[in-house]
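Remarks on the structure that follows.
Readers should treat all values here as calculations from the given coordinates under stated rules, not as data from a laboratory. Since this is a predicted model, take the numbers as computed values, not measurements. Neighbour counts run over all protein chains shown; Cβ positions are idealised from the backbone, glycine included.
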């Protein structure tokens, strides 16, 4: 990838890819508050890159890829921190965690089978699900795991994956940044 040609939105997405090991390191050093602040500040770049992409017409396949990879890496780093800092809650809820992980793997497999690559739809429901996931992880880093936020994250993650699987089955040719089922139907 030629870094000289990245636009502002892509740089913000790339920043999450580059810095996610810092979250892992902070967790391993058991610096919970530092982890919390770093995680929240860096994940806020997801909203910043989305702002630039939307309002300054910087959407594209490369930004969709960088954004998705950055999100996945930060969510995995957050999951690692969740396991390390709130182990008892994590173990008690492992069934739900595995359930959501399997849903995402299923959606990825369906997309890879049909298109040969991940969907990168970036639906509104995906943004809501990611929002709840990040709020849960951020709250957990700052305070403790919240069952209410956890179950909201699971619920919206389930809805988001179901929507994306339906979209993969109904969108013949791959395209990024489809905002939802209604958008896919409208653009048929």
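The table for this structure:
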{"quantity": "Added length on full extension, which subtracts the Cα-Cα distance from 0.36 nm per residue, residue 80 to residue 115", "calculated": "9.6 nm"}
{"quantity": "222 nm mean residue ellipticity, helices alone, for the chain (DSSP H n ≥ 4; -39,500 (n - 2.57); rounded to 500)", "calculated": "-26000 deg cm²/dmol"}
{"quantity": "Distance (nanometres) between label positions extended 7 Å along Cα→Cβ at residue 29 and residue 144", "calculated": "2.6"}
{"quantity": "Relative contact order of the chain, defined on C-alpha pairs under 8 angstrom at six or more residues apart (%)", "calculated": "24"}
{"quantity": "Sorted peptide list for 122-129, 89-96, criterion being average Cβ within 10 angstrom, highest first", "calculated": "122-129, 89-96"}
{"quantity": "Separation of alpha-carbon centers, segment 32-51 and segment 90-112, rounded to whole Å", "calculated": "23"}
{"quantity": "Folded to 0 to 90 degrees: helix 8-28 orientation relative to the chain principal axis, Cα", "calculated": "30"}
{"quantity": "Cut-off 20 Å (backbone N to label point 7 Å along Cα→Cβ of residue 88), residues of segment 27-47", "calculated": "30-33"}
{"quantity": "Candidate values (i) -0.42, -0.55; (ii) -0.48, -0.58; (iii) -0.26, -0.41, label of the one derived for log10 I(q)/I(0) by the Debye sum over Cα atoms at q = 0.08, 0.10 Å⁻¹", "calculated": "(iii)"}
